[in-house]
1. Considering ALA121, ALA164, ALA159, which residue is of a type outside the set (S, T, N, Q) and either within 26 Å of PHE241 (Cβ to Cβ) or within 12 Å of the ligand (Cβ to nearest atom) (or both)?
2. Would you check if GLY95 is within 13 Å of the ligand (Cβ to nearest atom) and over 19 Å from the mean Cα position of the chain (by Cα)?
3. Determine which single condition ARG184 fails, assuming it passes every other condition in (1) farther than 26 Å from SER329 by Cα; (2) at pLDDT 50 or above; (3) assigned to a loop (DSSP other than H, G, I, E, B).
4. Since CYS67 meets every condition but one in (1) within 18 Å of THR179 (Cα to Cα); (2) surrounded by fewer than 19 Cβ atoms within 10 Å (Cβ to Cβ), which condition does it not meet?
5. Confirm whether ARG307 is assigned to a helix (DSSP H, G or I), over 25 Å from THR173 (Cβ atoms), at pLDDT 95 or above and not acidic (Asp, Glu).
Amino acid sequence: MNKISSTSLIGGAVVVAMAVGLYLGVAKRGLPPEGLGMGLWRKIKRKKKPLRVYMDGCFDMMHYGHCNALRQARAVGDQLVVGVVSDAEIIANKGPPVTPMHERMIMVKAVKWVDEVISDAPYAITEDFMKKLFDEYKMDYIIHGDDPCVLPDGTDAYAVAKKAGRFKQIKRTEGISSTDIVGRMLLCVRERSVSDSHNHSSLQRQFSHGHSQKFEDGGSGSRSGTRVSHFLPTSRRIVQFSNGKGPGPNAHIVYIDGAFDLFHAGHVEILRVARELGDFLLVGTHNDQTISAKRGTHRPIMNLHERSLSVLACRYVDEVIIGAPWEVSKDM
Ligand code: CTP
């Protein structure tokens, strides 16, 4: 009896040793063990170690293009760590930012696809910083939009990461940039200073996004440089930004409405506080005509869909009514 059990013990140990050997062998080569599909194998491996990706940026005057970049970056891995470039580094490489470091941090942290944030990140990925990302932060990949990111000396800011085979690219969102927003704001100031008697349409409908679109009226004066915004959100983009979940059966639903123009740190804070009052935060964004009527023809600077996407990307928001009425009537 003893002999039988010691034989089976030895036999068992041999089988376990072979299994471990096989596991280590295939794990080393990254292949699934026999009989295990590649999909399931990847899932098992991921359970062991989440795929961590890093995206850096200035995120100045945070807009839905930045949010869309973060959404795509998060989809590449399991955890997204964002490096917010320091004010000093932005000044050295691009010129002064409009929004300071602490505000840019608030904005990035508020985006629902962001898991961790690193402050005062460098503008370029150096050998040293890349080593820190891999060793300390356990990053797998470094991600950036498909626009060239060139340093003042003409070199590529991501050359080191590309060389190491740890760089991945996502598609830049067309039609929006911080420069574009500043342009719209400058036009806004100019429009206001010309004359209130002009029946100007709101600015976001007049300013283009730096593409070679034709000037609308081709003339000179205050209206000559104003062009039409071509931003058209698709239903797919709205779905990508949405949570896709309604409130639970006994949820406390909180409603807040507003323009949410040039989405900023103050908006983030009020949405955070509003969300804390209940279980589900419904946000109403007023339409462009309403805002123009209430706040002046030069407003809003971002159109209804642009404003709604920024609100939707915020982690405290559950759902958005795109074009909510100004008044919360009894029916509403
Ligand atoms: N990004 C994007 N689409 C945009 C603007 C930015 O995908 N319309 C991406 C960039 O490619 C980058 C990240 O967002 O990966 C952070 O961009 P940032 O460093 O803030 O700088 P810019 O690319 O200069 O953005 P902007 O022109 O709006 O300032």
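The values are calculated or read from the model by the stated rules, or taken from the named source; none is laboratory data. Just so you know, these numbers come straight off a predicted model, no measurement behind them. FYI the Cβ positions are ideal-geometry reconstructions off the backbone, even for glycines, and counts take in every protein chain you see.
1. Going through ALA121, ALA164, ALA159 in turn, the sole match is ALA121.
2. When the stated conditions are applied, GLY95 passes them.
3. (3)
4. (2)
5. Spelling it out, it is not the case that ARG307 is assigned to a helix (DSSP H, G or I), over 25 Å from THR173 (Cβ atoms), at pLDDT 95 or above and not acidic (Asp, Glu).
The rows are residues; the columns are (1) of a type in the set (Asp, Glu); (2) under 28 Å from MET302 (Cβ atoms); (3) crowded, with 21+ Cβ neighbours inside 10 Å.
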| site | (1), (2), (3) |
| --- | --- |
| ALA75 | no, yes, no |
| VAL85 | no, yes, yes |
| PRO96 | no, yes, no |
| MET101 | no, yes, no |
| LYS109 | no, yes, no |
| VAL114 | no, yes, yes |
| VAL117 | no, yes, no |
| ASP140 | yes, no, no |
